[in-house]
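*Asks:* Have a look at this one before I ask anything.
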There are 2 protein chains.
Amino acid sequence: MCYVRKVIYKEKQCIFILITHFPFFFIFIDFFHSFSFSLVLFRDRYINMTQDKCLVDIHTHVYLPEYLELLRKREQVPRVLPPLEEGQDERLIILPDEDKGESTKNGRPVGPAYYDVREKLAFMDKHNIDISVISLANPWIDFLPPTEETFDLARRLNVSMENMCQDPITHGRLYGLGTLPLSSVEGSVAEVERIAALPRMKGVIMGTWGCGKGLDDPALEPLYEAIAKHNLVIFLHPHYGVNLPTSGNMDAGHSLALALGFPFETTYAIARLILSGIFDRVPDLKMLLAHSGGTLPFLAGRIDSCVAHDPAVASKLNHPPSYYLKKLYFDAVIYHATGVKATADFVDPSQMMFGTDHPFFPPLESKDARWMSVDSNLTAIAGAGLDEEIVKGILGRNALKIFNLEMPSK
Amino acid sequence: MCYVRKVIYKEKQCIFILITHFPFFFIFIDFFHSFSFSLVLFRDRYINMTQDKCLVDIHTHVYLPEYLELLRKREQVPRVLPPLEEGQDERLIILPDEDKGESTKNGRPVGPAYYDVREKLAFMDKHNIDISVISLANPWIDFLPPTEETFDLARRLNVSMENMCQDPITHGRLYGLGTLPLSSVEGSVAEVERIAALPRMKGVIMGTWGCGKGLDDPALEPLYEAIAKHNLVIFLHPHYGVNLPTSGNMDAGHSLALALGFPFETTYAIARLILSGIFDRVPDLKMLLAHSGGTLPFLAGRIDSCVAHDPAVASKLNHPPSYYLKKLYFDAVIYHATGVKATADFVDPSQMMFGTDHPFFPPLESKDARWMSVDSNLTAIAGAGLDEEIVKGILGRNALKIFNLEMPSK
Ligand SMILES: [Zn+2]
Ligand SMILES: [Zn+2]
């Protein structure tokens, strides 16, 4: 009995099981324990929630044509491979060592949802999303050397994204986050100046590598200062994972690298950044953490406690680590109500913003269906027991303020 | 300005600052953002809480004399080194690579709190703890080869712990968790049979290595079955961390290995265990997760979502991963209210139990003080907005039921 089938077919089957399988009613009971069932329970609530309110997606990616072109030319990860069979999609291989795993080596299909603005708009329409703040998907251009060619590519990518956001067919529904040539701090600072001059660009997306030595690298401080000076937001997004030894006992595919490696990476990178004291020196730095901060809202107490018991580390900071963490922004891409509640308990919920992680985690079956990945995040927000006004904030109003966005005229 | 000093001296200084430093009142405001201040706010509440109720500590360690003897003889980590100067304590080096870090290579002082039952009782008295369920501290005897000598040591350790719990000076306030010679499944199954026959032993403590290949190793199934058959609890505790690359930018000492490496290790090990399907095959296995499950209550939604989108992985399970997670037990050693709330939201709070992690995280200053590490966990429980009856459960009643303990006559 595989629960995925149940999830996919839940809408058709719920009533069917009740009518025809009464003796097997216990099968239905299983739904109570799966997040899929909560989608049914909260269905009306989150659809109402998105119909009459402003919905802004601040975690949504594109693979710009210039970037796909680069990935097609490469012979190592990250790269784009040709279709396995004629008529199929190209295939994207981006995660470290993904090319070596039996179940991951063929990559994931990269169709128009990854690059076509019409697909982005169609996805937004399907889910009642008013505005998307789009960003290049990982691993950006972190892997390119600090050359003029790289700087030029960054420039072209950002202009291309600005143009996508200005495309008349978008009716003002798109804003963008820029990409930096991070292997050079100087090149990145120069690019920040250009991004700040592009009217629809509201920040930058960054991985956790910095220019190769992590976010706590003192060499990055001029970059942080430039970003803060222009009131841009850093969207901090994982890509590299942490080194989780494979068990040899089973092949878990991408699942645990994505489910755990990503949030662990974010958590560790930000903990290091905070211990470096950067937020004492550049207190105005606005940073948005992907996936509700990895695990930081949950682990903040333990981090405070471990640091407090290590005076050599604590003495470098003006405040406990959680003080700085509470000033950051968190998306609400955490897929269950417990995570939304914990984040909203840890930070002021005015610092939380809805996101989808589109075009990742597409529906497994019908292309026309609403996306389970989106609905589980909406359900989580609806089911977190938060006040109506707080919910409205997380769904869109907070993003309007934090990114300084204008609502498009519907 | 170092906030640790503030934490340590908070009680003396709070009023002092208010009276003498009124122009610097903003310094006091900082306390609002630190967990230390909440200790002051909730002080009366948690002291009342522990005075008239049953308080059971299920996460508390000892280094039995036989174990210290072994560690003294060793020439590599884990080991005990002689005092740096005469009259000082011996020094314990247990974490991987701890001997290589500049600020960690001298280890931590290992005084009587680590082995003397009188010190355990004094610690319990100071914090109004009625019962402690003691366990050998990490890394147990995982590093020993599968020989008769190792099996014999396990046997002696468990008898020694049983004797400590039966010592008349404890007045029935101690129960124990046994240690297994995990490099051999057969040896461990035999030891489980012996542990089950020791009246004050209520379970076993285990790391995440299993017999060297992780908890999802199919070879371990006979061991899980034996433990479940005797209705013993596995206390799953981290030791090895995950490989977090050092930044080279700063020396964070033990702090991040403990704050993050430990909970990441627990999270990854249990996620793998669940994906192995063991809880479909041995559904009665009782497992208690250290440090509130690492990060599992927060990441469960993301794990469910990533697994649901990877049918090859999901199809091996009868339910989503969170279904199995919700059947496990969680300590409340998470040091802030957000973590307690999240755990109590994720699982039925009747599956949560108070713990201290004694003798780790001792007070930095006065030996006579209450321990900040204990008070931050009590404060977290008091401040989590839970019903009185739920709090009573977490503080002690749940442990009485789950471990089948008897309240000592006071
Ligand atoms: Zn993303
Ligand atoms: Zn412990």
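*Asks:* Could you go through the range B:274-294 and let me know if any residue there is over 20 Å from B:Gly339 (Cα atoms), of a type in the set (Phe, Trp, Tyr) and modelled with pLDDT of 95 or more.
*Replies:* yes
*Asks:* Follow-up question, since we're still on this one. Could you please let me know if B:Tyr46 is modelled with pLDDT under 95, part of a helix (DSSP H, G or I) and crowded, with 21+ Cβ neighbours inside 10 Å? So that I can check it myself, show each step before the final result.
*Replies:* On the way: modelled with pLDDT under 95: yes; part of a helix (DSSP H, G or I): yes; crowded, with 21+ Cβ neighbours inside 10 Å: yes.
Answer is yes for this residue.
*Asks:* Could you give every pair whose Cβ atoms fall below 7 Å, whose first residue belongs to the range A:173-184 and is under 15 Å from A:Pro145 (Cα atoms), and whose second residue is open to solvent by less than 10 Å² (accessible area, probe 1.4 Å) and at pLDDT below 95, counting only separations of at least 6 or pairs across chains?
*Replies:* A:Leu182/A:Gly210
*Asks:* If B:Pro349 satisfies all but one of (1) of a type outside the set (A, V, I, L, M); (2) open to solvent by 20 Å² or more (accessible area, probe 1.4 Å); (3) in contact with a strand residue (DSSP E or B) (Cβ under 7 Å, 6 or more places away or on another chain); (4) closer than 21 Å to B:Thr266 by Cβ, what's the number of the condition it fails?
*Replies:* (3)
*Asks:* Consider the range B:353-399. How many of its residues are within 12 Å of B:Val56 (Cβ to Cβ) and either out of contact with any Pro (no Cβ under 8 Å at 6 or more places or on another chain) or open to solvent by 10 Å² or more (accessible area, probe 1.4 Å) (or both)?
*Replies:* Of the residues in the range B:353-399, the ones within 12 Å of B:Val56 (Cβ to Cβ) are B:353-356, B:392-399.
Narrowing the set further to residues that are either out of contact with any Pro (no Cβ under 8 Å at 6 or more places or on another chain) or open to solvent by 10 Å² or more (accessible area, probe 1.4 Å) (or both) leaves B:353-356, B:392, B:395-399.
Residues in the range B:353-399 being within 12 Å of B:Val56 (Cβ to Cβ) and either out of contact with any Pro (no Cβ under 8 Å at 6 or more places or on another chain) or open to solvent by 10 Å² or more (accessible area, probe 1.4 Å) (or both): 10 in total.
*Asks:* So, one more: Quick test of your reading of the structure: A:Glu69 fulfils all but one of (1) open to solvent by 40 Å² or more (accessible area, probe 1.4 Å); (2) in contact with a Leu (Cβ under 6 Å, 6 or more places away or on another chain). Name the failing condition by number.
*Replies:* Single failed check for A:Glu69: (2).
Every residue, every condition in (1) within 17 Å of the chain's Cα centre (by Cα); (2) farther than 27 Å from B:Pro146 by Cβ; (3) free of Cβ contacts under 8 Å to residues at least 40 places away in the same chain, yes or no:
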residue: B:Gly214; (1), (2), (3): no, no, no
residue: B:Pro218; (1), (2), (3): no, no, no
residue: B:Pro222; (1), (2), (3): no, no, yes
residue: B:Asn231; (1), (2), (3): no, no, no
residue: B:Leu236; (1), (2), (3): yes, no, no
residue: B:Asn249; (1), (2), (3): no, yes, yes
residue: B:His254; (1), (2), (3): yes, yes, no
residue: B:Arg272; (1), (2), (3): no, no, no
residue: B:Ile278; (1), (2), (3): no, no, no
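*Asks:* Sticking with this one: Might you check whether a residue that is basic (Lys, Arg) and more than 8 Å from every other protein chain (Cβ to nearest Cβ) occurs anywhere in the range B:334-355? Talk me through it step by step, then tell me what you get.
*Replies:* Initial filter on the range B:334-355 (basic (Lys, Arg)): B:341.
From what's left, more than 8 Å from every other protein chain (Cβ to nearest Cβ): none.
The answer is no; no qualifying residue exists.
*Asks:* Which number in (1) at pLDDT 95 or above; (2) open to solvent by 10 Å² or more (accessible area, probe 1.4 Å); (3) within 30 Å of A:Pro321 (Cα to Cα); (4) at the interface with another protein chain (Cβ under 7 Å from one of its Cβ atoms) marks the one condition that B:Cys306 misses?
*Replies:* Status for B:Cys306: all satisfied but (2).
*Asks:* Please indicate, with yes or no, whether at least one residue in the range B:145-156 is more than 16 Å from ligand 2 (Cβ to nearest atom), within 20 Å of the chain's Cα centre (by Cα) and under 25 Å from B:Ala219 (Cβ atoms). Full working, then the answer.
*Replies:* Pass one, the range B:145-156, residues more than 16 Å from ligand 2 (Cβ to nearest atom): B:145-156.
From what is left, the residues that are within 20 Å of the chain's Cα centre (by Cα) are none.
Among the residues of the range B:145-156, not one is more than 16 Å from ligand 2 (Cβ to nearest atom), within 20 Å of the chain's Cα centre (by Cα) and under 25 Å from B:Ala219 (Cβ atoms), which makes the answer no.
*Asks:* Next up: Grab the strands (runs of 3 or more DSSP E) fully contained in the range B:73-143, keeping just those with 1 or more residues being surrounded by fewer than 18 Cβ atoms within 10 Å (Cβ to Cβ) and in contact with a strand residue (DSSP E or B) (Cβ under 9 Å, 6 or more places away or on another chain). Even if it seems obvious, please write down each step before you answer.
*Replies:* Details: elements: B:79-81, B:90-93, B:108-110, B:131-136.
Here the list reads B:79-81, B:90-93, B:108-110.
*Asks:* Please pick out the residue among B:Leu285, B:Leu244 that is in contact (Cβ under 8 Å) with a residue 40 or more places away in the chain and either in contact with a helix residue (DSSP H, G or I) (Cβ under 7 Å, 6 or more places away or on another chain) or open to solvent by 10 Å² or more (accessible area, probe 1.4 Å) (or both).
*Replies:* Details: B:Leu244 fails: in contact (Cβ under 8 Å) with a residue 40 or more places away in the chain.
Result of the check over B:Leu285, B:Leu244: B:Leu285.
*Asks:* Right, another one. Out of the residues in the range A:288-310 meeting the condition of being in contact with an Asp or Glu (Cβ under 8 Å, 6 or more places away or on another chain) and in a helix (DSSP H, G or I), tell me which one is farthest from ligand 1 (Cβ to nearest atom).
*Replies:* Quick first cut of the range A:288-310, residues in contact with an Asp or Glu (Cβ under 8 Å, 6 or more places away or on another chain) only: A:288-292, A:294, A:297.
Those still in the list that are in a helix (DSSP H, G or I) too: A:291-292, A:297.
Details: A:His291: 8, A:Ser292: 12, A:Pro297: 18 Å.
Out of the qualifying residues, it is A:Pro297.
*Asks:* Does the range A:247-282 hold any residues that are closer than 30 Å to B:Pro311 by Cα, in a loop (DSSP other than H, G, I, E, B) and open to solvent by less than 20 Å² (accessible area, probe 1.4 Å), and which are they?
*Replies:* Step one: list which residues in the range A:247-282 are closer than 30 Å to B:Pro311 by Cα, which gives A:247-268.
Going one step further and asking which of them are in a loop (DSSP other than H, G, I, E, B), we end up with A:247-254.
Selection gives A:Ser247, A:Ala252.
*Asks:* Take the range B:167-187 and flag every residue that is outside any loop (DSSP other than H, G, I, E, B) and more than 20 Å from the chain's Cα centre (by Cα). Steps first, answer last, please.
*Replies:* Narrowing the range B:167-187 to residues outside any loop (DSSP other than H, G, I, E, B): B:168-170, B:174-178, B:185-187.
Passing the criteria: B:Pro168, B:Ile169, B:Thr170, B:Val185, B:Glu186, B:Gly187.
*Asks:* Going through the range A:309-326 one residue at a time, which ones are at the interface with another protein chain (Cβ under 7 Å from one of its Cβ atoms) and closer than 30 Å to A:Ser376 by Cβ? Write out each step before concluding.
*Replies:* So the first thing to find is which residues in the range A:309-326 are at the interface with another protein chain (Cβ under 7 Å from one of its Cβ atoms), and the list is A:309-315, A:317-320, A:322-323, A:326.
A:Ser322, A:Lys326 - these are the residues of the range A:309-326 that are at the interface with another protein chain (Cβ under 7 Å from one of its Cβ atoms) and closer than 30 Å to A:Ser376 by Cβ.
The values are calculated or read from the model by the stated rules, or taken from the named source; none is laboratory data. Note that the structure is a prediction, hence the values are computed from the model and not measured. Cβ coordinates were reconstructed from backbone atoms using ideal geometry, including for glycine residues, and neighbour counts include every protein chain displayed. These area figures cover heavy atoms from the full protein model, side chains too; ligands, DNA and RNA do not enter into them. Shrake-Rupley method; radii C 1.70, N 1.55, O 1.52, S 1.80 Å.
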